[in-house]
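S.K.: Below: one structure in structure tokens.
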Amino acid sequence: MASAVAASKVWGQLSTHADEFSGTTLHQLFAADPTRGESLCLEAAGWSIDYSKNLASGETLALLLALAEAAGLRRRIDAMFAGERINSTEDRAALHVALRAPQSADMRVDGENVVPAVHGVLDRMSRFARSVRAGEWRGHSGRAIRNVVNIGIGGSDLGPAMATQALAAYADRNITSRFVSNIDATDFAEKTRDLDPAETLFIVCSKTFTTLETLTNARTARDWLTNALGSEAAVARHFVAVSTHAEAVARFGIDPENMFGFWDWVGGRYSLPSAVGLSLMLAIGPERFRELLAGYHAMDEHFRTAPFARNAPVLLALLGVWYGNFLGAGSHAVLPYDANLARLPAYLQQLDMESNGKSTTLDGKPIRDITTAPILWGEAGSNGQHAFFQLLHQGTRLVPCDFIGFCQSLHPLGEHHDLLMANCFAQTEALAFGKSADALRAEGVQEDLVPHRSFSGNRPSTTLLAESLTPATLGALLALYEHRVFVQGVLWNVNSFDQWGVELGKQLASLIAPELAAEPEPELSHDSSTNALIRRYRLLRRS
Ligand code: G6Q
């Protein structure tokens, strides 16, 4: 059994309801309630969230809300905000909400209010960002910094990389921002090939400061810099660190004075609003960064205080559970209609799939009878329309979609924005209501083409709309997804804050690495496939 909630009466009722619901169409739901488009829409932290085009009736929503109650969601939300050690397998709190709390707040871990320390680091980051942006912080040879390269991976890369692109319109365009993450040397080489070392600042961003990819890239960066500037002393003006591990930072050769800290209660994929966002702050400036935090906080407050029936993260999480556990959906698409949100799906992929891609309950039992996190994927609109949307409209799979858009463009050029948003709205309409064979015949479509050209409709989507893409609306959007993930983790009874599933591959890589180059060939004791791959690589590799 997966969890108490999966064994609950309401879970059974939802299963029965899913069978009864199976013939219901969005056409019928909208016809039965002419105000559905307005009533199933809510406002939260600058976002208007239309969930009316979901395959859910009043009864569905009532049962899902009862499921949230049965899972003890309120108590779990309170436990998160109270700094309890809800990350039980790592014996830690998951108090990322404290990173965006106002200075006056009091949020405790082990009895200590962490908000003053959070603001202390934010103030240090702000002073540093101001001095770099003003050209006061100089490189080793006296030149101002014009390039900022964040070296990190996973949670120490995806957030700042995604947000720096998302908020490019707010950035100081005299600063070039780059993100090096992959251990493939191509990443470092391509991202630095046009940069002048004398004007380049590296942020080595690693919570643990032990991550193979990041430390390898950081050493390569140090060599690149010191070779060009001719002095080891240059490191002091060109390297800063973001970490929780001061000794490891010092061992690497970065003065802990130039380190920006955070805490073990901040998970990597929840760390953008911590010092991990330093590269973003350097790009957009401290004031804009604080607007981002205010947006996060507004959504945190909505999540903490709104009744579940009007609570955006709760409702979206429940709908996701409905699709995944009762209607058989295996994936979830996120489709931002903003070119600068191109990295949002990748960011959310980590957030969702690393948090809830689990098959063990909090109390260590295997989950065999229900599914947990879906495969999250997506692409910026309208590009996706000319690629995979075919499957969304006429494929055999149920893929719930989130459409994300803005009423105002940051680049108002001619008709572009109206056309972009017309496409966004049209997609949700086409998915929901389709086009019948009769309508095609009435248009005179040739009979043999009618089956090919008809659209079943009944394909669910949620539309998230904000006035414009600002630091605040971005922060609120990210917090919305964070809390959606948390709620689903509660319903599936998994720990959304650990990631043991990434460990085994790392351990095996550390065993294989010396076997690739050792001479003579060491005895290989893997399976026959892995042994053969290693031998083939050894044969063809260039030393
Ligand atoms: C995120 C994960 C993971 C982590 C990276 C980088 O939640 O824990 O993606 O962020 O492995 O770790 P470091 O920041 O310790 O280098």
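The values are calculated or read from the model by the stated rules, or taken from the named source; none is laboratory data. Here the structure is a predicted model, which means the values were calculated and not measured. Glycine also receives a Cβ, built like all others from the backbone with ideal geometry; neighbour counts cover every protein chain displayed. Only protein heavy atoms, including side chains, enter the accessible area calculation; ligands, DNA and RNA are left aside. Shrake-Rupley method; radii C 1.70, N 1.55, O 1.52, S 1.80 Å.
S.K.: Within segment 253-260, is there a residue that is more than 11 Å from SER156 (Cβ to Cβ), in contact with a helix residue (DSSP H, G or I) (Cβ under 9 Å, 6 or more places away or on another chain), within 16 Å of the ligand (Cβ to nearest atom) and assigned to a strand (DSSP E or B)?
M.R.: Within segment 253-260, one or more residues are more than 11 Å from SER156 (Cβ to Cβ), in contact with a helix residue (DSSP H, G or I) (Cβ under 9 Å, 6 or more places away or on another chain), within 16 Å of the ligand (Cβ to nearest atom) and assigned to a strand (DSSP E or B).
S.K.: So, in segment 171-192, of the ones that are in contact (Cβ under 8 Å) with a residue 60 or more places away in the chain and touching a Gly at 6+ places or on another chain (Cβ under 8 Å), which residue ends up farthest from SER231 (Cα to Cα)?
M.R.: Out of the qualifying residues, it is ASP172.
S.K.: If you go through segment 111-131 one residue at a time, how many are assigned to a loop (DSSP other than H, G, I, E, B) and either under 15 Å from VAL266 (Cβ atoms) or under 25 Å from the mean Cα position of the chain (by Cα) (or both)?
M.R.: Selection size over segment 111-131: 1.
S.K.: Another question, if that's okay. Among the residues of segment 327-336, are any closer than 15 Å to ARG484 by Cα and in contact with a helix residue (DSSP H, G or I) (Cβ under 6 Å, 6 or more places away or on another chain)?
M.R.: Looking through segment 327-336, at least one residue is closer than 15 Å to ARG484 by Cα and in contact with a helix residue (DSSP H, G or I) (Cβ under 6 Å, 6 or more places away or on another chain).
S.K.: Also: Pick from PHE252, PHE260, PHE308: which is at pLDDT below 95 and hydrophobic (A, V, I, L, M, F, W, C)?
M.R.: None of the other options fit; the residue is PHE252.
S.K.: Name the single residue that is farthest from THR305 (Cα to Cα) among those in segment 484-516 being within 18 Å of the chain's Cα centre (by Cα) and more than 16 Å from the ligand (Cβ to nearest atom).
M.R.: The extreme case among them is GLN488.
S.K.: Let me ask you something else. Working only within segment 201-221, note down all residues that are more than 12 Å from VAL242 (Cβ to Cβ) and either touching a residue at least 60 places away in the same chain (Cβ under 8 Å) or more than 7 Å from the ligand (Cβ to nearest atom) (or both).
M.R.: If the condition is that a residue be more than 12 Å from VAL242 (Cβ to Cβ) and either touching a residue at least 60 places away in the same chain (Cβ under 8 Å) or more than 7 Å from the ligand (Cβ to nearest atom) (or both), then LEU201, LEU212, GLU213, LEU215, THR216, ASN217, ARG219, THR220, ALA221 are the ones that fit.
S.K.: A further question on this structure: Restrict the check to segment 193-200 and report whether at least one residue is more than 13 Å from the ligand (Cβ to nearest atom), in contact (Cβ under 8 Å) with a residue 24 or more places away in the chain, assigned to a helix (DSSP H, G or I) and open to solvent by 60 Å² or more (accessible area, probe 1.4 Å).
M.R.: Scanning segment 193-200 turns up no residue that is more than 13 Å from the ligand (Cβ to nearest atom), in contact (Cβ under 8 Å) with a residue 24 or more places away in the chain, assigned to a helix (DSSP H, G or I) and open to solvent by 60 Å² or more (accessible area, probe 1.4 Å).
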